[in-house]
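Participant: Below is one structure. I have some questions about it.
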Amino acid sequence: MSQVLVSVRFLKTWAKASLISPENQLEMEHLFTKLLSPTDTTHRLTIPAANLGDFEFPMGEHAIDIEATDTIERQWIFRLSIRRENNPNPRPVFTGQWTQFVNEKGLRVGDRIIFSRQQVEGNGVQYSIRAERRIFNYWVNVE
């Protein structure tokens, strides 16, 4: 029975990731996947520096709020910040509601986060976040 449940949840997760919005027919764009480290689960989520260009910072700003929706349609506000301009390593991180997200989902080291975005007509960009845990050889949704 549990094998079937894991398979159904895996398929459900996969189906959600590949849905196309009926309003605007635009597909979700995968931004990054990250395995959680000890620091990610206790303080802040370090974002891959290569993905910094996926987020728009107003000129001169070093922090912005990112609103992301999880798989149960809950909204989370993450503060994306980088080091000041004179630092050659921007080291982007999520703070804000990040630790609350980790605690409410019960995330632990080795789980992973999948972060995506979708262009929405009239509203700009919509972000989504999905947490997954490896069970046997399958990644399953952590709701």
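Participant: Got a sec? How would MET59, MET28 order by Cβ neighbour count within 10 Å, fewest to most?
Facilitator: Least crowded to most crowded, the residues run MET59, MET28.
Participant: Counting other beta carbons within 10 Å of each Cβ, put ASP111, ASP65, ASP40 in order, fewest first.
Facilitator: Neighbour counts put them in this order, fewest first: ASP65, ASP111, ASP40.
Participant: Turning to a different aspect of this structure: If you consider only alpha-carbon coordinates, what radius of gyration and Dmax does segment 96-143 have, in Å?
Facilitator: 13.2, 42
Participant: Taking H as built 1.01 Å from N, whose amide H comes closer than 5 Å to the amide H of SER128, not counting residues under 5 places away?
Facilitator: So SER128 has HN proximity to THR69, SER116, ARG117.
Participant: Treat the count of other C-beta atoms within 10 Å as a stand-in for reagent exposure and order GLU104, GLU29 from fewest to most.
Facilitator: GLU29, GLU104
Participant: Okay, moving on. Just to check I understand the Karplus step: with θ = phi - 60° and J = 6.51 cos²θ - 1.76 cosθ + 1.60, what whole-Hz values come out for segment 28-44, glycine and proline as x?
Facilitator: For segment 28-44, the Karplus-derived couplings read 5, 9, 5, 9, 7, 10, 9, 6, 7, 9, x, 5, 4, 8, 10, 10, 7 Hz, x marking Gly and Pro.
Participant: Using every alpha carbon pair in segment 20-143, what percent of pairs falls into each 5 Å bin from 0 up to the bin containing the largest distance?
Facilitator: Distribution as computed: 2, 10, 20, 24, 19, 14, 8, 3, 1, 0 percent.
Participant: Tell me the label-point distance for the pair ARG91, ARG74, using the 7 Å Cα-to-Cβ offset, in nm and rounded to one decimal.
Facilitator: For the pair ARG91/ARG74, the computed spacing is 2.9 nm.
Participant: How large is Rg over Rh for segment 32-98, taking Rg from the Cα atoms and Rh as the Kirkwood inverse mean of 1/r across Cα pairs? Mind dumping the intermediate values first?
Facilitator: Values: Rg = 12.3 Å, Rh = 12.8 Å.
Here Rg/Rh amounts to 0.96.
Bear in mind that the values in this text are calculations on the coordinates, not laboratory data. For clarity, every value in this text was computed on a predicted model and none was experimentally measured. Cβ atoms come from the backbone with ideal geometry, glycine included; neighbour counts cover every protein chain shown.
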